[in-house]
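The block underneath contains the structure these notes are about, expressed in structure tokens.
The values are calculated or read from the model by the stated rules, or taken from the named source; none is laboratory data. Source: prediction; values computed, not measured. Positions of Cβ are backbone-derived with ideal geometry, glycine not excepted, and every protein chain shown enters the neighbour counts.
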Amino acid sequence: MALGEWEIAKAEISRLDAMIAERVVRAPFDGVIGLVEVSPGAIVTPDTHIATLRNLDELDVRFEVPERFASRIRLDQPLQLRAFDSQNLIDARITALESGLNTLNRTLAAQARLQPDASLRPGALVQVRLILEERPGALTIPTTAITESLEGSSVWVLQDDNTVKARTIEKGARTDARVEVLEGLSEGERVVVTGRQALEEGDKVRVDDSDDALDVNDIVPEATTPGMRNQWFSEEVLEETLKEAP
């Protein structure tokens with residue numbers, strides 16, 4: 001083989017090696033690959049979707065905060081979130097904030113980086129819990145204890161003689177399950193948290209602490225005195241007292 005032919009052959013080999021190298025798909029980062037959508041031997045192009053690669057060690061969540069709370073959001077602010085099908089709370093911190101409000105829905109967009117968690121997958125819907133203010137010593141009651149009307153908010157308070165009396169309260173901050181009481185109740189007072197729709201002023205209740213105690217909604221009140229009805233509540237209901245916010 002002449003020297004010229006040898007050089008041409010070497011160049012062709014180099015060209016073919018370069019073409020083969022271009023056919024190798026290399027991930028730009030370490031991660032977990034999903035379903036592969038092509039089979040060996042299939043013809044692919046630069047536009048062919050082969051698979052999705054995700055870095056599960058770094059997950060971000062994006063959410064929006066109403067305008068009235070926007071001034072209280074800051075970078076590196078801690079928060080918690082959970083998946084809709086889980087009670088497990090996951091810690092995260094805000095890593096980015098939009099420079100302005102969304103003029104359509106009056107919200108501020110934010111992004112948070114969370115710790116890796118096996119219960120979450122990219123694309124999942126989550127609930128975000130963002131603590132805007134802490135109030136040590138606040139009195140709170142379950143949201144189910146409150147009756148709303150045109151006159152305002154009220155609760156049924158258990159008296160010493162086991163009768164109930166309606167009392168107007170002033171509400172403060174709230175969570176999903178509890179409401180802060182600013183005025184109208186004192187710590188240690190007992191309030192009815194279930195079956196309140198069936199009560200009237202002065203109704204007498206009897207605490208039933210047996211294992212098979214019925215909820216007030218499961219029984220038919222039996223009149224024993226004109227103008228008064230007996231109601232049965234489990235001890236768990238009546239012993240729900242005002243507590244300090246955690």
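Annotations
- Arg72 satisfies every condition listed in (1) surrounded by fewer than 11 Cβ atoms within 10 Å (Cβ to Cβ); (2) in contact (Cβ under 8 Å) with a residue 40 or more places away in the chain except (1).
- The stretch 162-192 - residue that is of a type in the set (Val, Ile, Thr) and over 18 Å from Ala138 (Cβ atoms) and, of those, nearest to the chain's Cα centre (by Cα): Val192
- The stretch 94-148, subset within 30 Å of Ser186 (Cβ to Cβ) and charged (D, E, K, R), residue surrounded by the most Cβ atoms within 10 Å (Cβ to Cβ): Arg129
Conditions tested, residue by residue: (1) in contact with a Lys or Arg (Cβ under 9 Å, 6 or more places away or on another chain); (2) farther than 30 Å from Leu132 by Cβ.
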| site | (1), (2) |
| --- | --- |
| Glu7 | no, yes |
| Arg23 | no, yes |
| Asp60 | yes, no |
| Ser86 | no, no |
| Gly100 | no, no |
| Asn105 | no, no |
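- Residues of the stretch 181-193 classified as touching a residue at least 40 places away in the same chain (Cβ under 8 Å) and either buried (at least 17 other Cβ atoms within 10 Å of the Cβ) or under 12 Å from Val157 (Cβ atoms) (or both), total: 9
- Here Glu67 meets the list (1) without any contact (Cβ under 8 Å) to a residue 24 or more places away in the chain; (2) surrounded by 10 or more Cβ atoms within 10 Å (Cβ to Cβ) almost entirely, failing just condition (1).
- Top-ranked residue of the stretch 20-42 - restricted to ones that are farther than 29 Å from Pro116 by Cα and either acidic (Asp, Glu) or at pLDDT below 80 (or both), ranked as nearest to the chain's Cα centre (by Cα): Val24
- Within the stretch 93-140, being closer than 29 Å to Leu182 by Cα and of a type in the set (S, T, N, Q) holds for Thr107, Gln127, Thr140.
One line per residue, one yes/no per condition, for (1) at pLDDT 90 or above; (2) in a strand (DSSP E or B):
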site: Pro136; (1), (2): no, no
site: Ile141; (1), (2): no, yes
site: Val155; (1), (2): yes, yes
site: Asp161; (1), (2): no, no
site: Val164; (1), (2): no, yes
site: Arg167; (1), (2): yes, yes
site: Lys171; (1), (2): yes, yes
site: Val179; (1), (2): no, yes
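- Within the stretch 27-50, not a single residue is more than 30 Å from Glu180 (Cβ to Cβ), polar (S, T, N, Q) and either in contact (Cβ under 8 Å) with a residue 12 or more places away in the chain or surrounded by 11 or more Cβ atoms within 10 Å (Cβ to Cβ) (or both).
- Matching option when the condition is over 21 Å from Arg174 (Cβ atoms), out of contact with any helix residue (DSSP H, G or I) (no Cβ under 6 Å at 6 or more places or on another chain) and polar (S, T, N, Q), among Gln159, Gln80, Gln127, Gln87: Gln159
- Checking each residue in the stretch 122-133 for being in contact (Cβ under 8 Å) with a residue 60 or more places away in the chain and part of a loop (DSSP other than H, G, I, E, B) picks out Pro122, Leu130, Leu132, Glu133.
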